[in-house]
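Scroll down for the structure; my scribbles are underneath it.
The values are calculated or read from the model by the stated rules, or taken from the named source; none is laboratory data. Please read all numbers here as calculations on a predicted model, not as lab measurements. Ideal geometry is used to build each Cβ from the backbone, glycine not excepted, and the neighbour counts take in all protein chains shown. The accessibility values were calculated without ligands, DNA or RNA, using every heavy atom of the protein model including side chains. Shrake-Rupley method; radii C 1.70, N 1.55, O 1.52, S 1.80 Å.
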Amino acid sequence: MVYNCDMKKIFLSILLFFLIAGAAFADFIPSYTNSIKHYGIGAAKITNYVTIYEKPDLNSKVIEKIYWNNIGNFLSQNKEENNPNDIFLIYLPKENTVFFSVEDEDEEWLNICYNQKKELFGWIKKEDKNSGAKFYLYKDLIFKYGKKYGFYTFRNLPKDLKALHSSPNNDSDIIDDFNYPKFISPWLIQGNWMLAKVTTMDNQIKTGWFRWRSDTGRLFGFVNFK
């Protein structure tokens with residue numbers, strides 16, 4: 001009887017551990033809300049790990065090193081930083097890939113925001129042979145990946161940003177809207193406007209132009225990576 005009771009306690013402890021671990025792992029799953037603090041001009045796609053420098057110079061101070069893998073584990077040189085959602089723009093564990101927002105670029109370097117929560121910045125090498133850093137302007141990122149994964153609008157958008165226009169400007173006719181899109185497929189990007197095919201939750205197809213970014217660079221959505 002005592003043995004059975006002990007076994008139940010062990011079983012419950014194991015179950016509780018996996019529930020907690022599962023909740024922790026949920027933090028690694030990309031989430032799209034209004035929580036992005038810094039947008040920048042585009043995004044840097046990096047695989048496996050990255051070394052971040054204080055200046056665009058390999059001889060300058062290394063201010064951060066971050067490693068990750070395809071089972072959701074990651075390690076930061078600054079050990080107090082232990083939440084990927086605070087650090088990355090987006091994290092895709094299955095692909096060993098992360099995206100950082102990019103503030104500026106030159107021929108060889110990218111100035112990235114390496115901590116979204118604290119808005120910390122540093123420099124990484126473009127197309128580094130180790131990290132494979134690849135820079136995309138947001139319009140190019142959306143066009144490259146949006147056709148496959150779709151585009152996700154943030155949940156806090158006001159109603160006027162969910163309107164579909166006949167042409168890419170605010171003065172054009174509103175031809176429809178999309179409150180609860182199931183899938184948004186980008187067709188064309190012109191400035192801060194996107195021509196898209198929108199599939200609603202009841203499988204209606206709507207087509208028109210809507211703003212995917214503000215004039216100041218604030219994003220209204222992101223690629224719906226999965």
Rounded FRET efficiency, nearest 0.05, which uses the C-beta distance separating Tyr149 from Ile175 and R0 of 25 Å: 0.50
Skip the ligands, DNA and RNA, and give the accessible area per residue of the range 45-140 with a 1.4 Å probe, whole Å². 52 Å²
Rounded, prolate or oblate for the range 62-179? Axes are the square roots of the Cα gyration tensor eigenvalues, ordered a ≥ b ≥ c, and the cut-off for rounded is a/c under 1.5. prolate
Accessible area of the range 113-173 belonging to carbon and sulfur atoms, whole % at 1.4 Å probe: 48 percent
Could you state the number of Å between the C-alpha centres of the range 197-226 and the range 142-184? 3 Å
If you stretched the chain out fully between Ser166 and Leu58, how much longer would it get, using 0.36 nm times the residue separation minus the C-alpha to C-alpha distance? 33.9 nm
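As an exercise, use a Förster radius of 35 Å and the Cβ-Cβ distance of Gln77 and Gln190 to find the FRET efficiency, rounded to the nearest 0.05.
With R0 = 35 Å, the Cβ-Cβ based efficiency is 0.25.
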FRET efficiency, 1/(1 + (r/R0)^6) with R0 30 Å, evaluated for Glu95 and Gln204 via beta carbons: 0.40
Candidates per trypsin sites (Lys or Arg not before Pro) in the range 59-111, loop by DSSP, up to 14 other Cβ within 10 Å: Lys61, Lys79
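Rolling a 1.4 angstrom probe over the protein heavy atoms, how many square angstrom per residue are accessible across the range 156-226? Working shown, then result.
On the way: 3800 Å² over 71 residues.
Per-residue accessible area for the range 156-226 comes out at 54 Å².
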